[in-house]
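Working notes for the structure below.
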Amino acid sequence: MNIHEYQAKQLFQHYHIPIPEGKQATMPEQAGAIAQSLGGEGWVVKAQVHAGGRGKVGGVKLAKTSGEVAGFTRAMLGTRLVTAQTDAVGLPVHSVLVEKTYPIKRELYLSLVLDRGTERLIFIASAAGGMDIEAVAHDAPEKILTVSVHPAAGLQGYQCRKVAYALGLSGTQHKAIAAIMQGMYSLFLAKDASQIEINPLIETDGGDLLALDAKINFDDNAVALHPDILAMKDSAQEDDKENEAQQFGLNYITLDGNIGCMVNGAGLAMATMDLVKLKGGLPANFLDVGGGTNVEKVCEAFKLILSDGNVKAVLVNIFGGIVKCDVIALGILEAIKQVHVAVPVVVRLEGTNVEEGRALLSDTGLGIYAADDLAHAAEQVVALAEAVA
Ligand code: GDP
Ligand code: MN
């Protein structure tokens, strides 16, 4: 799960990670008033969307007067921001963050992520922070330091010093960076994060370190344990189809292809997508309808898949373990009738009562192709999608 920058900064504050003074606003006049109450020489207005890369597309504006703050806010609110990290439609801007600006001496990079390979949390640090960290990682990987934290030992003082040296910090700043790293580490563990990124972490002319940007992702499988985090969820920033799927207990992720996939079980769904690709097709989605599926769920699943205009054919791959194949077949028939499915549907059933299930799906006149094995089913659906396209 993602949260907004202003929310991430509230969490930073609780964990003693220094942030610029600022406040979220949802109205232009309110934004202007916030600037006035913050005081100072200038302010930054930052569009709040669940994506980075805002600086390069006008989502981060520097203002000299509170009138300018209100003006930039008015211009941003109600628009959609398209950045290198969003799709072509972009994300809606419903609020902005107004902050005091600080004289920036250097922009650094610091993040904490789970490294699945070593099964440890690692800090990633670079003195070349700012807007192009991906390019740095690609072109000059030697400018990036990683520090791996042993889960039993926890974050060690020498590891903080290593990062301090890599970032070119002076002796007096070592304490500050250690406190920031400890704050990130505590926050990560306490809230089951999967990533905390500060880009840029700035050094001001006065030598202070401040988290100018803040990005936190949380582990979806743990977020139910943290009502405070769940309360920060902003569904407007997420894919409509994925939100709808969640309501029906379906695991759905939109992809770019034209072959809709409906599968029970995440592992089988992945294997099915692999096979579709192997046979020359591209899946339009990942969809796990769950183990104990029913007619209602299958109907919703069809609706979701077909609401994607790119879908030219659907592959249903269900293993009847908990639910019997004949029950599933009836569900599919009912769903196809209810949802008025107009594209060809290839169905591969396996498991208990498979013969009865296949018999129910044959000769229906509904554009259903009953396949007897998965490889064949994948071939068939790819051919059908190509014939339509
Ligand atoms: P992102 O592009 O979505 O990652 O947004 P950031 O919050 O990282 O802002 C992008 C860039 O805007 C930063 O790298 C800074 O160069 C600049 N920026 C952001 N906030 C301030 C600020 O308070 N003062 C100044 N001078 N520049 C800022
Ligand atoms: Mn940034």
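The values are calculated or read from the model by the stated rules, or taken from the named source; none is laboratory data. Note that the coordinates shown come from a computational prediction; the quantities given were computed from them, not determined experimentally. With ideal geometry, Cβ positions are generated from the backbone for all residues, glycine too; neighbour counts draw on all protein chains shown. Calculation scope for accessible area: heavy atoms of the full protein, side chains included, ligands and nucleic acids excluded. Shrake-Rupley method; radii C 1.70, N 1.55, O 1.52, S 1.80 Å.
Some points to look at:
- Summed over the stretch 146-169, the residues that are closer than 23 Å to Thr204 by Cβ and either surrounded by fewer than 15 Cβ atoms within 10 Å (Cβ to Cβ) or of a type in the set (A, V, I, L, M) (or both) give a count of 8.
- Residues satisfying the stated conditions in the stretch 185-202, i.e. more than 20 Å from the chain's Cα centre (by Cα) and open to solvent by less than 10 Å² (accessible area, probe 1.4 Å): Leu201, Ile202
- Some residue of the stretch 30-41 being among the hydroxyl-bearing types (Ser, Thr, Tyr), in a helix (DSSP H, G or I) and under 25 Å from the mean Cα position of the chain (by Cα): no
- Residue match in the stretch 293-310 (condition: surrounded by fewer than 22 Cβ atoms within 10 Å (Cβ to Cβ), more than 21 Å from Met1 (Cβ to Cβ) and basic (Lys, Arg)): yes
- Some residue of the stretch 80-93 being part of a strand (DSSP E or B), modelled with pLDDT of 95 or more and closer than 30 Å to Gln182 by Cα: no
- When residues of the stretch 104-118 are limited to those that are more than 20 Å from Ile17 (Cβ to Cβ) and in contact (Cβ under 8 Å) with a residue 12 or more places away in the chain, the one nearest to ligand 1 (Cβ to nearest atom): Asp115
- Residues (under 26 Å from Asn243 (Cβ atoms), of a type in the set (Gly, Ala, Ser) and over 28 Å from the mean Cα position of the chain (by Cα)) located in the stretch 302-340: Gly331, Ala335
- Close contacts from the stretch 29-43, counting a first residue that is closer than 15 Å to Met76 by Cα and a second that is buried (at least 17 other Cβ atoms within 10 Å of the Cβ) and not aliphatic (A, V, I, L, M), with Cβ to Cβ under 7 Å and a gap of 6+ residues or different chains, come to Ala31/Thr73; Gly32/Ser66.
- Val93 vs. criteria of a type in the set (A, V, I, L, M, F, W, C), free of Cβ contacts under 8 Å to residues at least 60 places away in the same chain, within 30 Å of Ala222 (Cα to Cα) and more than 11 Å from ligand 1 (Cβ to nearest atom): yes
- Residues (over 12 Å from the mean Cα position of the chain (by Cα), away from ligand 2 (no atom under 16 Å from the Cβ), surrounded by 14 or more Cβ atoms within 10 Å (Cβ to Cβ) and not small (Gly, Ala, Ser)) located in the stretch 210-232: Val223, His226, Ile229, Met232
- For the stretch 198-209, a residue qualifies if it is out of contact with any Asp or Glu (no Cβ under 6 Å at 6 or more places or on another chain) and either within 17 Å of Leu121 (Cα to Cα) or within 15 Å of ligand 2 (Cβ to nearest atom) (or both), and the qualifying residues are Ile198, Leu201.
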